[in-house]
Amino acid sequence: MSMTGSGTEPAAADRPKLEDLARKVGVSIATVSRVVNGRKGVSREVRQAVLAAMDDLGYERPDRTRSAARGQVGIIVPDLTNPIFPAIAQAVVSLLSQEDFIPVICALPGGGRSEDEYIEMLVAQGAAGIIFICSAHADGQASLERYHRLRGRGIPYVLVNGPRPELGAASVSNDDAAAIRTAVQHLASLGHRKVGLAVGPHRFIPSRQKLAGFRTALADYLGVDDPAPHTATSMYTVEGGQSAANELLDSGHTAIVCASDVMALGAIRAARARGLRVPGDVSIVGFDDSTLMALTDPPLTTLRQPAAAIAHAAVHALAAEMAGEQSTRSPVVLGSDLVLRGSTGPAAAP
């Protein structure tokens, strides 16, 4: 008995054709053919959709569609527990992969690995560049020598969230000061007269920027000159947010702007532990618009950090650095949107 066609290989008639790919993606056969043959004239989005359809339908990619890797790019993040960091890192990974780089995520603390050790490992592996997301450069007390050494070695790098003008490096950051001003203006418009800020340690540059925005917002919208009685400093954690919120609630604040969504969750916990309603008795604003913040109870009003735009600008800046375009080192500053949800409301009647 013949065994032809009884193996695992599909019969030729069953194999997907160009028209099957075109139908699945919703483009012409000519467009699919250009992708399969590695020709230009197709947008990145369509090219990725066709390649994904090849994988879905079992169409074997020709070797010519597999671009040679252009090298590793390190992505150093402070941790993967605060949702905003993996959100930015994931967007960076996607963009680098589309440009045929091999992304390497280095999270701190990484089993005892320091940032300097990660840098040395990446350099030893011949990394083409490094993107630092809120790493040591964001700590105003940390040494900048590591970045000077990288420049001396000719390794391109980009700083995300924590600009350091003294380095003359390419940087991308969120406009933290303007974001906090927007939040205070929103709360003042709801009738809140005692607005507090729960912020992280002052040594971090993003904390300083948020405090600067808070100071000007208090003066402009509430006529308050001294932010100190309205500021509580703690860690960027749920427990830190709870501690800072308790301090602000003790001093009679009816609204709290938090320096991160994670801190805002702690602030809500603090309010509820006192039997206070959010937002009936106290309004709370987060920062970042992290994953699932629309699903909290109540859904969190927050300042959306534009993770995708930050990632795009960072990858673009790194590519420019690799090309030797030093004129692109002017800092890129991106704005935040205030996302109104259920954790803020009118101030309660006195």
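The values are calculated or read from the model by the stated rules, or taken from the named source; none is laboratory data. These figures come from a predicted structure and were not determined experimentally. With ideal geometry, Cβ positions are generated from the backbone for all residues, glycine too; neighbour counts draw on all protein chains shown. Areas reflect the complete protein model, heavy atoms only, side chains present, ligands, DNA and RNA absent. Shrake-Rupley method; radii C 1.70, N 1.55, O 1.52, S 1.80 Å.
Of interest is the spacing of the C-alpha centroids, which for the stretch 239-298 and the stretch 299-315 amounts to 21 Å. Fully extending the segment from residue 45 to residue 203, taken as 0.36 nm per residue of separation minus the present Cα-Cα distance, adds 52.7 nm. Considering only 171, 26, 314, the residue lying farthest towards the positive end of the dipole of the chain is 26, judged by Cα position with unit charges set on Cβ. All other residues whose Cβ lies under 11 angstrom from that of residue 83 are scored, Lys and Arg at +1 and Asp and Glu at -1, for a net of -4. Taking the helices alone, the chain has a mean residue ellipticity at 222 nm of -12500 deg cm²/dmol, built from -39,500 (n - 2.57) per DSSP H run of at least 4 residues and averaged over all its residues. Rounded to the nearest 10 Å², what accessible area does residue 202 show when all protein chains are kept and the probe is 1.4 Å? Near enough 110 Å² of accessible area. The modelled label-to-label distance for the pair residue 55/residue 323, using points 7 Å beyond Cα in the direction of Cβ, is 2.8 nm.
Distances between placed amide hydrogens fall under 5 Å for residue 260 paired with 287, all partners being 5 or more residues away or on another chain. Modelled this way, with points 7 Å down the Cα-to-C-beta line, the labels at residue 20 and residue 81 are 4.8 nm from one another.
Using the 1.4 Å probe convention, the accessible area of the stretch 81-172 works out to 41 Å² per residue with neighbouring protein chains retained. 3J(HN,Hα) along the stretch 218-224: 4, 5, 6, 9, 10, x, 9 Hz, from the Karplus curve 6.51 cos²θ - 1.76 cosθ + 1.60 with θ = phi - 60°, whole Hz, x for Gly and Pro.
Residue separation times 0.36 nm, minus the C-alpha to C-alpha distance between residue 330 and residue 116: what's the value? Once the chain is fully extended between residue 330 and residue 116, it gains 74.5 nm.
Please get the size of the charge dipole for the chain, origin at its Cα centre, with Cβ charges of +1 on Lys and Arg and -1 on Asp and Glu, quoted in debye to the nearest 20.
Rounded to the nearest 20 debye, it is 540 debye.
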